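The values are calculated or read from the model by the stated rules, or taken from the named source; none is laboratory data. Since this is a predicted model, take the numbers as computed values, not measurements. Note that we place each Cβ from the backbone using ideal geometry, even for glycine, and neighbour counts take in every protein chain shown. These accessible areas exclude ligands, DNA and RNA; they are computed on the full protein's heavy atoms, side chains included. Shrake-Rupley method; radii C 1.70, N 1.55, O 1.52, S 1.80 Å.
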Amino acid sequence: MYGYIDRQGNQVIPTIYEYATSFTNGIAAVYENNKTKFISKSGETLLDTEYFGVNNFSCGRALFQSNGKFGYLDIHGMIVIPPKFEHAYDFSEGYATVVIPNGITSGIAFIDVNGNFINDQIYNNSMHFKDGIVSVQHPSGKHGCINAAGEYVIDPISEDYNSFSDGLARISVEGKIGYIDCKGQIVISPQFGFAGNFQEGMAVISKRNKFGFINRLGEVIVDTKYNDAENFYEQLAPVKLGRNWGYLNPDGEFVIEPKFTSASCFREGIAFVYDKKNITMLKRNMEMIELGDQYERLESFSEGLSVVTIRERRKTYPITIHSTEVTFYKN
């Protein structure tokens, strides 16, 4: 069951829901009795719906599913775009990616907040709009970026999606990863076997199964000597040295020595660390709040609250940090 804790580790909304989402603009979607409702940070019900599995609002629209099809509700809970898509995603910058029939297969298209298709193109694969453009797969099989009119503003040269972060996007050419800017110019030549998205001016790279970081010029600023690494958030990055995790600053210095079995990225000044069968909330000022072993999953803090699920069985769970969630799985 799902509920919420605050920054002091207190459970402020009880674990009574079948599912719960992080708060966005003071509202969160929770599932109860096979229906979705939206609550405030005090747990007050703000809006009831008749549907199970309604997403949080984005651009004034909430994705929902009915009879196997996807549509969108408005902020009053009324259907504004009927459920007619085979699949669909949350709105981003006023547009949503939807899956529609395309001959004997399915294709990707884009709609506005009123449900109108923004152009007449159908794609095999795509991402979501960001900074006015979206990565799509060209008929050649390569990926480039289009604007809302369907015009290519970045030529399809990548073997994988162009996902922009910090003003740069990864490209894959002949199995090597580099980066382009928002004009499609290659700013870091494809040379890495593995490289992540940029965050706070740095990106994780890997050489010979060891991890480090580069800057926006492609220069290695933290040597590839770690067993694993995650992005910088709030000027700290979790890295694994040997069998333990600690935190580096942008100069590559350990601010928190590696001593944890697992560790998450900092969000809103708080990270979750795991050691000796217990979960601890770690604050930037090094204050530590023990949470014990009662939780199965904790999500990164959003607007001062973290979604948690209680554990039904007393087992040991490590942390995985390869998403925005901090999830505890059985050994």
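Among what's in segment 99-126 and is open to solvent by 70 Å² or more (accessible area, probe 1.4 Å) and of a type in the set (S, T, N, Q), pick the residue that is modelled with the lowest pLDDT.
Thr105
Could you count how many residues in segment 61-98 are small (Gly, Ala, Ser) and open to solvent by 70 Å² or more (accessible area, probe 1.4 Å)?
0
Tell me which of these Met202 doesn't satisfy, since it passes every other one: (1) under 30 Å from Leu291 (Cα atoms); (2) touching a Pro at 6+ places or on another chain (Cβ under 9 Å).
The number of the failed condition is (1).
Quick one: which of Glu312, Glu296 is touching a strand residue (DSSP E or B) at 6+ places or on another chain (Cβ under 6 Å) and either at pLDDT below 75 or over 22 Å from Phe254 (Cβ atoms) (or both)?
Testing whether each residue is touching a strand residue (DSSP E or B) at 6+ places or on another chain (Cβ under 6 Å) and either at pLDDT below 75 or over 22 Å from Phe254 (Cβ atoms) (or both) leaves just Glu296.
Considering only strands (runs of 3 or more DSSP E) fully contained in segment 18-60, which possess at least 1 residues that are under 27 Å from Glu93 (Cβ atoms), open to solvent by 70 Å² or more (accessible area, probe 1.4 Å) and at pLDDT 95 or above?
45-48
Which one is least open to solvent (accessible area, probe 1.4 Å), of the residues in segment 182-212 that are farther than 25 Å from Asp155 by Cα and over 20 Å from the mean Cα position of the chain (by Cα)?
Here the residue is Gly212.
Being under 30 Å from Glu290 (Cβ atoms), of a type in the set (Phe, Trp, Tyr) and in contact with a strand residue (DSSP E or B) (Cβ under 6 Å, 6 or more places away or on another chain) narrows it down to one of Tyr19, Tyr72, Tyr89, so name that one.
Unique residue meeting the criteria: Tyr19.
For residues that are of a type in the set (Asp, Glu) and touching an Asp or Glu at 6+ places or on another chain (Cβ under 9 Å), tally how many sit in segment 75-103.
The number of residues fulfilling the criteria is 1.
Against the condition open to solvent by less than 60 Å² (accessible area, probe 1.4 Å), assigned to a strand (DSSP E or B), touching a Cys at 6+ places or on another chain (Cβ under 9 Å) and within 19 Å of Arg284 (Cβ to Cβ), how does Pro238 come out, does it pass?
Yes.
Select from segment 67-87 the residues that are touching a residue at least 12 places away in the same chain (Cβ under 8 Å) and part of a loop (DSSP other than H, G, I, E, B) and write down the one among them that is nearest to Ile108 (Cα to Cα).
Glu86
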